[in-house]
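Read the figures in this text as sums done on the coordinates, not as results from a lab. Just so we're clear, the structure is a prediction, and the values are computed from it rather than from any experiment. All Cβ positions, even for glycine, are placed from backbone atoms using ideal geometry, and neighbour counts span all protein chains on display.
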Amino acid sequence: MDYTEKDFSKILKGNALKMRRMMLKSGTTCMRVYDRNLERFPVTVDLYGPYARVTDYSEEGLEEEEERICCDIVSRMLYIQADRVIFHRRPKRVGKEQHSLQGETSLVLQVTENELFFTVDLTKRIDTGLFLDHMETRMMVESMSRGCRVLNLFSYTGSFSVYAARGGAASVESVDLSATYTAWAEKNLADNGYGTAMYPCVAADAWQYVVEALSSGKVYDLIIFDPPSFSNSRKMEYDFDVQRDYQRWMKVLNALLAREGILVFSTNLGTFRMDTKAVRGFEVQEITAQVAAPGFTRRLGTARTWLLTKQQDVRITAADLRTVEKKAGRDQREEQVDDEIMKKEEVSKDIDVQEEKIVAEVAQEEAIAAESVQEDEVVAESAEETVQEEESSDLELEIEEAADEIEANEVEDDLLTLRWDDEDIAPLFEESEEAEQPEADRAPRKEYERRSDEPRGARDDRRPSFRDRDDRRPSGDRPSYGERRPYGDRSERPSFRDRDDRRPSGDRPAYGERRPYG
């Protein structure tokens, strides 16, 4: 086990201990214990009763060995049986595509959150049916719901409706396009003792429901608006984009709210930007930090929440209600154009693939031809090398024969030089005898004296040697140190001791006495 696996184990064990204490106090059996804290393990780990659900958020997915290590550590650190660790991959959506079903079978169980019962599915769908990051927001809705008329749009499995019902709401209407999720919401309400008479669940398009409620004069005190980031369901004549459509929705919802009514708006879109100046008629307050759920440590990927309190009415025109339909038609045309572009791109890709195949075949043929040319060049080079070797061997033989002839001539020359005659060596003996005569027997050197008519260049300007300088004064005539040197005709300078005519130092006046001026 390396250090990252040890860190993963420590984080899991510490968080599980802390979360289980909170779960025991609040009557909860579902909570997050790990939220992509380490780069090597980009997963989330959620507890759902006796099960642990591991969700892989990596782009390419963990390798099989990494998945095995992750599940093994989760099982050991959370004290959960290995067959109850559910590993789930969450593929990243490309563009505006929708998530599909993840499995054919369902693992359904009932969990509790703050002593309320909810049904979850751990295997079949991308989400379990209960968003754990909204736990604190649901508790806030419960505290605000007493005596209120509540409208829950995009209600999903109705968890907000259950909390509003327990909070004492006068009525709760849950609206969702999916019939499956509508039935799921009814079951959650029924499991907690709330019937459908006061808390109806409606399977309908949320926009059409809002328009009809507005035309019928309905008014609500609390509206929960938790839409998906994007939706292009086949049951809708238009698509929904929360960043594009939120302002129009808030303008219409303002008309459905009573004075001082509250709109709870939440989204999981990480890139969402709220333009508070464009949202008219509301006092806008972001409360994301105040309702952060325990165990969620990452800012991106978790829900952001705003509280909008109605301050004044905003005028709604008929054009505002038809905007969606107009935009839907334009979006459908854009989708058709996109489909045509995609088809053209596919055709161009096929053409490119065919061209690449042709280019590859041509390149292969050129490579084969180049190999054959290289082989011919290698054969030619080997033939040239053999010819050069033969020529070099012939040249070496010629050099050896020439060297033998030169050696024979040198031997003959040496024999000729050894035949000396007496007449040839006599002058050499005479020169050596002259060199052995002493200097006294030699004739004296003729001194050269320059005549007046000779040019200056013929004069002997050589400097005499040191021994020839006899006119210099002997060193014994020089006075030694301390002796008085004669000054010629000048009067002799007395020494310092002979200057007796100087005034004694005792005759000098002391400091302060007046000196005579005579």
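What does the C-alpha gyration tensor say about the overall shape of segment 166-316? Classify as rounded when a/c is under 1.5, otherwise prolate if a/b is larger than b/c, or oblate. Since a/c stays below 1.5, the shape of segment 166-316 is classed as rounded. Close amide H pairs (under 5 Å, H built 1.01 Å from N) link residue 30 with 49, 112, residues at least 5 positions away or on another chain.
Model label points for residue 117 and residue 284, set 7 angstrom from Cα along the Cα-to-Cβ axis, are 4.2 nm apart.
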